[in-house]
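S.K.: The structure follows.
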Amino acid sequence: MISNLILQFNSFELLILFAIALVFFFILLTDIKKQGKRMMLINPEIKVQLICKECGFKEIRDFREGDYISKEPDEKCEKCGGEKYIDIIYSIVKQEKTRQS
Ligand SMILES: [Zn+2]
């Protein structure tokens, strides 16, 4: 009787359980993939604010490799031609609308 129950459980119900587990696994997997896509949609844009030492003119441009705060890049002020330095570096998070499933 007991062995018969185990046999029934092993053959049919275990297969169903396995199928359910497989479905859950795929749901979980697709959910992880969706989250990954959501993460990729967040695209931060790094900006640099430069200030002219001579006239205090502020300029904002995109971040370039090697930029750091207080760095004096080889860029001249648009207004007076004076030396500029990097005042602040900040990022703008551009988040695209997440597609609702
Ligand atoms: Zn200037």
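S.K.: Kindly identify the stretch 44-94 as rounded, prolate or oblate by the Cα gyration tensor criterion: order the square roots of the eigenvalues as a ≥ b ≥ c, call it rounded if a/c is under 1.5, otherwise compare a/b with b/c, prolate if a/b is larger, else oblate.
M.R.: Here the stretch 44-94 falls in the prolate category.
S.K.: Treat the count of other C-beta atoms within 10 Å as a stand-in for reagent exposure and order I42, I86 from fewest to most.
M.R.: I42, I86
Values quoted throughout were computed directly from the atomic coordinates according to the rules given, and no laboratory measurement underlies them. As the structure is a computational prediction, the values presented were derived from the model and not from experiment. Cβ coordinates were reconstructed from backbone atoms using ideal geometry, including for glycine residues, and neighbour counts include every protein chain displayed.
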